Structure formats: structure tokens, C-alpha cells
1. Can you tell me which residue is surrounded by the fewest Cβ atoms within 10 Å (Cβ to Cβ) among those in the stretch 11-40 that are of a type in the set (S, T, N, Q) and within 20 Å of S203 (Cβ to Cβ)?
2. Taking K90 as the residue in question, decide whether it is modelled with pLDDT under 95 and of a type outside the set (S, T, Y).
3. Taking K90, is it closer than 23 Å to L212 by Cα and basic (K, R)?
4. Taking interchain pairs and intrachain pairs at least six residues apart, which have beta carbon atoms under 9 angstrom, with the first residue in the stretch 126-154 and over 29 Å from G223 (Cβ atoms) and in contact (Cβ under 8 Å) with a residue 24 or more places away in the chain and the second assigned to a loop (DSSP other than H, G, I, E, B) and among the charged types (D, E, K, R)?
5. So is L218 buried (at least 18 other Cβ atoms within 10 Å of the Cβ), hydrophobic (A, V, I, L, M, F, W, C) and in a loop (DSSP other than H, G, I, E, B) or not?
6. Which of (1) outside the structural domain of G231 (by TED's automatic domain parsing); (2) surrounded by fewer than 20 Cβ atoms within 10 Å (Cβ to Cβ); (3) at pLDDT 95 or above is the odd one out, the single condition D147 does not satisfy?
7. Can you pull out every residue in the stretch 89-104 that is basic (K, R) and either crowded, with 19+ Cβ neighbours inside 10 Å or over 18 Å from S7 (Cα atoms) (or both)?
8. Aliphatic (A, V, I, L, M), closer than 25 Å to N38 by Cβ and either surrounded by fewer than 16 Cβ atoms within 10 Å (Cβ to Cβ) or not assigned by TED's automatic domain parsing to the domain that holds E28 (or both): is that true of L122 in this structure?
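The values are calculated or read from the model by the stated rules, or taken from the named source; none is laboratory data. All values derive from a computational prediction rather than experimental measurement. Ideal geometry is used to build each Cβ from the backbone, glycine not excepted, and the neighbour counts take in all protein chains shown.
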Amino acid sequence: MLKFKHSGNTGDIIYSLNAIRKACQDNESLGVLYLHLNQPLRHIMAGHPLGNVMLNEYMFKMLRPLLLSCEFIADVMVYNGQKIDYDLDKFRNIGLNLGGGDIKKWYYYAYPELTFDIEGPLFTSDNPKEDFLLINRTNRYQNGQIDYSYLNDYNIKQMFAGTKDEFEVMKKNLPRIEYLKVNDFNELKDYISSSKVFIGNQSMCFAIAEQLQTDRILEVCFGCPNVIPAGGEFYDVFNQNGFKYALNNLLK
């Protein structure tokens, strides 16, 4: 059994799954993922939902069912000094520019033997596609050139995944939007998978959509463009023209 450690953030953990799967495949083994809780953020960010830590007990409980849905993950546990084979926090100490590039590749740079295919789904869902948009826009990593009110031109149900504060901000531009409440992130995965299109900025929710390879639109942050979609049908957009083009193609 291979043992891995990660301290968060949640999106970083989800993007590390490519490397974890590769290590498990190479060793013909399942993996145990230990999550190190309450580790401080390296850079305090206004609007971060967990305040000044990368991962807490609540997020652990929400995230664990999603991670256990991966066939190569045998268990997910809290880290309390257990012996590990791969420290997935290593990428933080090898001189990477964490504001650019591709988060998925951070783990390859830390462990070059873990070359992997960045395409191909890590998550699966049996839920059928339904006629609704699922939107997530965090208070961080926003691109001021993109106006979500353009979605009002489409006669399609709108749902929002995120915090209540983020929802209230979005509702000012999208008065028809409905709030999605889930019991855990595995349930959120099923909603993302069943949506006609997922739209979001650089967040944990987009990380789930990316690892599902579902139809998706990424709002790219100019100051921190470190999410690089790959596989499936996607658009990564920098401005309103790109946003409109992506919507018109995915909703035609």
C-alpha cells in the first residue's frame, strides 16, 4: 500500500490525483492519502473560505467521499506523523512559480518518475446530463473582463455551487440563479457531471470538473494563470468575447 501526504488546498489535492494514480499503477498498489489539517496558508488571501489555513476538519469530511470514489484510493485519513512514501507538499519547496504553469504538473516536477497523461478522467459519474448550467465563481481569481450577466440571454436553468456570500454576489447579476447545497463533494461531483455545462473560475469546483472532463468553461485569472484544462470539451477564456464564443458553442 502506497502512502501519500498532502496539506491542501482542496483544489491542489484534486489535481494531485494524476500523480497518485501514476504511482499506484507503477507499483501495482492502492494508495492511502493522509491529509495534514490546519497548516497555514503561505500567502493570506482575502476571501479565502478557510481563513488562514489550507485545510480544516470540515473540508476533510466534505472531501473524503470524493477522493474515495477513485478506484486507486483505498483510504483517506488525517495525517498525524505516519510514515509516507510521497510527500505531495514537496512542490512548495523546489522553487516553482506557483502563480503560473499547470498545477497538475507540480507533482511531476517534484517527482520526475511520476510522468502521467494529464488528460483522461479521474472521476466518473453515472448521472445523466440535464438541462441546467452549474456556475461557481469564488471571490478569488476573478477576471474583471468577464460579465456573467450575459447568461441571462439563455433560457436555461442556472444553479450556483459555492459559499452563500459568493451566491449573493452572483445573484445580483443572475436573478434567476438557484443555490445548490450538497452534503459532500462527491455529491457536488455528480451535479457537475450532470450539468449541461459547468462554468467557473480557478477553484476547487473547476478542479472537479477538470478531473471529470465534463463540458466546461474556465474564467482565467490574469494574475495567476496556473489552471490549464486538457481533455474533453472545454474553453478557457480571458475576456467577454471568449466567454460569449464558448457559451454559444457549448449551448448551441
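1. Kept after step one, since they are of a type in the set (S, T, N, Q), are these residues of the stretch 11-40: 16, 18, 25, 27, 29, 38-39.
Narrowing further to those that are within 20 Å of S203 (Cβ to Cβ): 16, 18, 39.
Working: S16: 24, N18: 22, Q39: 17.
Among those residues, the one meeting the criterion is Q39.
2. Spelling it out, it is not the case that K90 is modelled with pLDDT under 95 and of a type outside the set (S, T, Y).
3. Details: closer than 23 Å to L212 by Cα: no; basic (K, R): yes.
No.
4. K129/K196; K129/D215; E130/K196; D131/K196; F132/K196
5. Values: buried (at least 18 other Cβ atoms within 10 Å of the Cβ): yes; hydrophobic (A, V, I, L, M, F, W, C): yes; in a loop (DSSP other than H, G, I, E, B): no.
Taking the combined requirement at face value, the residue does not satisfy it.
6. (1)
7. Result: K104, single match.
8. No: the conditions fail for L122.
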